[in-house]
Amino acid sequence: MLIETKGLKKVFKSRGKEVEAVRGVDLSVKEGEIFGLLGPNGAGKTTTMRMLSTLIEPSEGHASVCGHDLASDQAGVRRDIGYVGQEGGTWGEVTAREELIMQGRLYGMSKKTAARRAATVLEAFQLTEFADRNIKTYSGGQKRRLDISLGIMHEPKLLFLDEPTTGLDPQSRAHMWDEVRALRERGTAVFLTTHYLDEADALCDRLAIIDHGEIVAEGTPTALKKEVAGDVVAIGVNERHDEARAMLDAKDFVREVEAGEPDPATGTAVMRLYVDDGSTALPELLRALDGAGIAAASIELHRPSLDDVFLKQTGRSLREEES
Ligand SMILES: Nc1ncnc2c1ncn2[C@@H]1O[C@H](COP(=O)(O)OP(=O)(O)O)[C@@H](O)[C@H]1O
Ligand SMILES: [Mg+2]
């Protein structure tokens, strides 16, 4: 395991009041994976990440990061990780190349090694073209790529990325996903936070959902969605509605059927069938209808989303929290 935490807790004291930002988090992150911490604003994502990267001290609990104990070997942790904060840090009157070389020197590289490594990193993040231009002239996406370049300058085993795509346009976002995947291909594990459902779903090998400082679910996106309700197959039929419904409901892999009213214009009634695995249920359902001589007018397979997972665990929709 690359990260293992047990009962990690952070209590902030501000103006005499105590804020329990993180309330006992148990997490494990494996070598070489993209791990996501998904949750709404204020859930405790940044606080968790800052503890794991030694920027703030936990109030309680234990963690090991890249094989180093978080409490007793902070220097060891720092050597093996990179950290890119939510705000990013590169705004000064310098060029990307200068900033990268400086970062390399901070990690003890010789001038020559730092320059060589900077050139490699600039190339990997498609920044070579702008490398000697003042950072002030960069677009949001270019700046974010530079932030990440700085985070991996010393070739960490693990990179922490706090909301890497917040504030980026859709195209820069897609690029960023590619960059993160490329890091994984090169053997760097990534621990990222996000409040975007689609990002957690598309990008992360595994994720934990955090709400009010507590982990409410952890697993692969697929497994988490499977836990919720299986899949939903929506079948529309134009005739013998009740018969079709009874027949499909009798199948042992159909957990539940919700029958809709026939559409007055088309006569099509849509049934929603809850099944464990839509991809195997679908052909069987069609075969059953076919055997009875009932034609399906429409058929659709819905898979539950991570929002359904969040909804089930917290009673709220993350999508609604957004707006
Ligand atoms: N330095 C701090 N002092 C007091 N409260 C804080 C501090 N940092 C964060 N918090 C509070 O802790 C909670 C979690 O914050 P944070 O970890 O930043 O959430 P997220 O990154 O998920 O949006 C919030 O209620 C926030 O206001
Ligand atoms: Mg945050």
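Which ones in region 12-69 are outside any helix (DSSP H, G or I) and β-branched (Val, Ile, Thr)?
Those that are outside any helix (DSSP H, G or I) and β-branched (Val, Ile, Thr): Val19, Val22, Val25, Val29, Ile34, Thr54, Ile56, Val65.
One line per residue, one yes/no per condition, for (1) closer than 21 Å to Ile81 by Cα; (2) more than 22 Å from the chain's Cα centre (by Cα):
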| residue | (1), (2) |
| --- | --- |
| Lys111 | no, yes |
| Leu122 | yes, yes |
| Gln126 | no, yes |
| Ser139 | no, yes |
| Gln142 | no, no |
| Arg145 | yes, no |
| Ile148 | yes, no |
| Phe160 | yes, no |
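Exactly one of (1) within 16 Å of ligand 2 (Cβ to nearest atom); (2) at negative phi; (3) modelled with pLDDT of 95 or more is unmet by Gly89. Its number?
(3)
Of the conditions (1) within 20 Å of Tyr196 (Cβ to Cβ); (2) part of a helix (DSSP H, G or I), Arg287 clears all except one; give me its number.
Unmet for Arg287, out of (1) within 20 Å of Tyr196 (Cβ to Cβ); (2) part of a helix (DSSP H, G or I): (1).
Just for region 94-134: of the residues that are closer than 23 Å to Arg184 by Cα and among the charged types (D, E, K, R), which one is most open to solvent (accessible area, probe 1.4 Å)?
The qualifying residue most open to solvent (accessible area, probe 1.4 Å) is Arg116.
Looking at Glu256, Glu243, which one is assigned to a strand (DSSP E or B), of a type in the set (Asp, Glu), farther than 25 Å from Leu27 by Cα and open to solvent by 10 Å² or more (accessible area, probe 1.4 Å)? Reasoning before the result, please.
Numbers: Glu243 fails: assigned to a strand (DSSP E or B).
One residue alone meets the criteria, Glu256.
Within region 76-89, track down each residue that is out of contact with any strand residue (DSSP E or B) (no Cβ under 8 Å at 6 or more places or on another chain) and either away from ligand 1 (no atom under 16 Å from the Cβ) or assigned to a helix (DSSP H, G or I) (or both).
Selection gives Arg78, Arg79, Gly89.
When you scan region 31-52, do you find a residue that is exposed (fewer than 14 other Cβ atoms within 10 Å of the Cβ) and more than 16 Å from ligand 2 (Cβ to nearest atom), even just one?
yes
Looking at this structure, is Thr5 within 16 Å of ligand 1 (Cβ to nearest atom), polar (S, T, N, Q) and in a strand (DSSP E or B)?
yes
Select, from Leu203, Leu150, Leu146, the only residue that is farther than 26 Å from Leu318 by Cα, touching a residue at least 60 places away in the same chain (Cβ under 8 Å) and away from ligand 2 (no atom under 16 Å from the Cβ).
Working: Leu203 fails: farther than 26 Å from Leu318 by Cα; Leu146 fails: touching a residue at least 60 places away in the same chain (Cβ under 8 Å).
Exactly one residue qualifies, and that residue is Leu150.
The values are calculated or read from the model by the stated rules, or taken from the named source; none is laboratory data. Since the structure is predicted, the reported quantities are computational estimates derived from the model, not experimental observations. A quick note on method: Cβ atoms are made from the backbone with ideal geometry, for glycine too, and the neighbour counts reach across all protein chains shown. Heavy atoms of the whole protein, side chains included, go into the accessibility calculation; ligands, DNA and RNA do not. Shrake-Rupley method; radii C 1.70, N 1.55, O 1.52, S 1.80 Å.
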